[in-house]
1. Of all residues in the range 36-50, count the ones that are without any contact (Cβ under 8 Å) to a residue 40 or more places away in the chain and either farther than 16 Å from I321 by Cα or surrounded by fewer than 17 Cβ atoms within 10 Å (Cβ to Cβ) (or both).
2. Kindly provide the set of residues from the range 81-121 that are surrounded by fewer than 24 Cβ atoms within 10 Å (Cβ to Cβ) and not in a helix (DSSP H, G or I), ordered by number.
3. For the range 247-260, enumerate the residues that are touching a helix residue (DSSP H, G or I) at 6+ places or on another chain (Cβ under 7 Å) and farther than 17 Å from P103 by Cβ.
4. Give me a count of the residues in the range 18-35 that are under 20 Å from T330 (Cα atoms) and surrounded by fewer than 18 Cβ atoms within 10 Å (Cβ to Cβ).
5. Among the residues in the range 212-232, are any among the hydroxyl-bearing types (S, T, Y), under 15 Å from A147 (Cα atoms) and surrounded by 14 or more Cβ atoms within 10 Å (Cβ to Cβ)?
6. So is A286 under 17 Å from V212 (Cβ atoms), within 14 Å of the chain's Cα centre (by Cα), surrounded by 23 or more Cβ atoms within 10 Å (Cβ to Cβ) and touching a residue at least 40 places away in the same chain (Cβ under 8 Å) or not?
7. From the residues in the range 142-169 that are exposed (fewer than 13 other Cβ atoms within 10 Å of the Cβ) and part of a helix (DSSP H, G or I), which one is modelled with the lowest pLDDT?
8. Looking at L269, L241, L209, which one is surrounded by 14 or more Cβ atoms within 10 Å (Cβ to Cβ) and within 17 Å of I108 (Cβ to Cβ)?
Amino acid sequence: MKPFTNQGQTTNPAFLRQTFLLGGLLVTLLLVFIIDLTLGSVAIPVKKVLQIVFTGESGNFAWNNIITQIRVPQAITAVLAGSALSLGGLHMQTLFRNPLAGPSILGITAGASLGVAVVMLASGSVISIFSLLNTGFLGSWFIVVAAILGSALVLALVLVISLRIRDNIVVLIVGIMIGNLTIALVSVWQYFSEPEQIQEYLMWTFGSLGGVTQKHLAVLSICVGVGILGSFMLTKTLNILLLGENYAQSLGLTVKRARILIILVTSILAGSITAFCGPIGFVGIAVPHLTRSWFNSSDHRLLVPASAILGSILMLVCDIIAKVPGSSATLPINAVTALIGAPVVIFVIIQRKNLRASF
């Protein structure tokens with residue numbers, strides 16, 4: 001494990017390079033965020049966008065509403081989704097010591113989808129997710145809790161099986177099978193639903209960052225904020241787990257407690273994003289590998305903030321592409337993340353050749 005910083009390392013070339021990269025990512029995040037705000041079906045000058053962001057007024061009522069009510073919430077949602085999914089993938093890859101682990105691969109997002117589907121059937125009749133979110137603050141919390149519980153249930157099941165099977169590849173296959181099982185259960189629900197509800201649910205599964213309004217953003221921000229705080233608190237635990245469970249126990253780490261905390265934090269991160277934005281794939285797998293490759297480190301004190309920032313940038317870029325600049329069309333965010341994430345994973349695998357070296 002290559003440490004991020006220790007006493008006397010402030011003049012170390014590796015430390016200076018990592019610090020420079022982090023600073024560069026922060027600047028890039030700010031620039032991409034502003035670019036995302038300027039793009040959309042309605043052309044708004046960059047100067048006016050900045051004026052609205054910093055002063056709240058541009059002299060054009062329509063532009064003010066577009067920026068403050070639509071584009072800013074959507075851009076903030078992209079930042080929250082990118083950071084949450086990236087950290088969730090980082091946790092899973094470290095916990096299972098598997099380079100291909102991630103929220104979408106291990107069935108966590110599928111479990112969150114199942115939780116959402118259960119809520120939609122709870123009243124005895126099908127309720128659309130949009131109707132639940134529009135019930136207000138309480139409805140938003142209700143659907144988030146259901147998604148978190150669904151993802152936690154699937155993750156806990158995969159973890160229990162992993163305790164009996166030490167082969168990481170087999171655990172990965174089990175996770176995929178459990179994810180397919182939850183998808184099958186949702187498909188049965190779809191079969192008995194009305195065409196209108198099926199269409200709404202299918203649109204939700206494509207993924208969207210534009211469905212989160214200002215009143216929903218508060219709930220999502222709280223959930224993701226708690227998850228990110230938990231990730232920073234778990235950096236030491238994650239570093240110790242990289243040394244192996246036996247060595248971790250010899251250092252005084254309670255492995256069972258650590259697993260529960262990691263499951264809880266990951267479920268909050270992945271579940272809350274899935275509830276509001278739909279199941280978004282590839283970000284949780286691609287970003288941790290890309291971060292390790294760029295920073296040449298497996299120290300989670302560095303990987304946690306770097307993955308969060310890089311994931312936010314990647315999701316903002318995906319949102320920009322999804323808007324199809326110069327057009328009124330909007331692509332499904334899930335399709336865009338797959339188009340970008342899959343080549344990134346392939347590139348990193350080819351470049352590093354041996355991904356297991358990081359675990």
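1. Going residue by residue through the range 36-50, those that are without any contact (Cβ under 8 Å) to a residue 40 or more places away in the chain are 37-38, 42-50.
Still in the running and either farther than 16 Å from I321 by Cα or surrounded by fewer than 17 Cβ atoms within 10 Å (Cβ to Cβ) (or both): 42-50.
Going through the range 36-50 one residue at a time, the tally reaches 9.
2. F96, R97, N98, P99, L100, I105
3. From the range 247-260, those touching a helix residue (DSSP H, G or I) at 6+ places or on another chain (Cβ under 7 Å) are 248-249, 251, 253, 255, 258-259; that's our starting set.
Answer for the range 247-260, where residues must be touching a helix residue (DSSP H, G or I) at 6+ places or on another chain (Cβ under 7 Å) and farther than 17 Å from P103 by Cβ: A248, Q249, L251, L253, V255, A258.
4. 2
5. Keep residues of the range 212-232 that are among the hydroxyl-bearing types (S, T, Y), which gives 213, 221, 231.
Okay, now just the ones that are also under 15 Å from A147 (Cα atoms), so none.
Scanning the range 212-232 turns up no residue that is among the hydroxyl-bearing types (S, T, Y), under 15 Å from A147 (Cα atoms) and surrounded by 14 or more Cβ atoms within 10 Å (Cβ to Cβ).
6. Working: under 17 Å from V212 (Cβ atoms): no; within 14 Å of the chain's Cα centre (by Cα): yes; surrounded by 23 or more Cβ atoms within 10 Å (Cβ to Cβ): yes; touching a residue at least 40 places away in the same chain (Cβ under 8 Å): yes.
No: the conditions fail for A286.
7. Once the filter is applied, the top-ranked residue is I169.
8. After applying the criteria, what remains is L269.
The values are calculated or read from the model by the stated rules, or taken from the named source; none is laboratory data. What you are looking at is a predicted structure, and each value in this text was computed from that prediction instead of being measured. Neighbour counts are summed over all protein chains in view; Cβ atoms, including those assigned to glycine, are modelled from backbone coordinates with ideal geometry.
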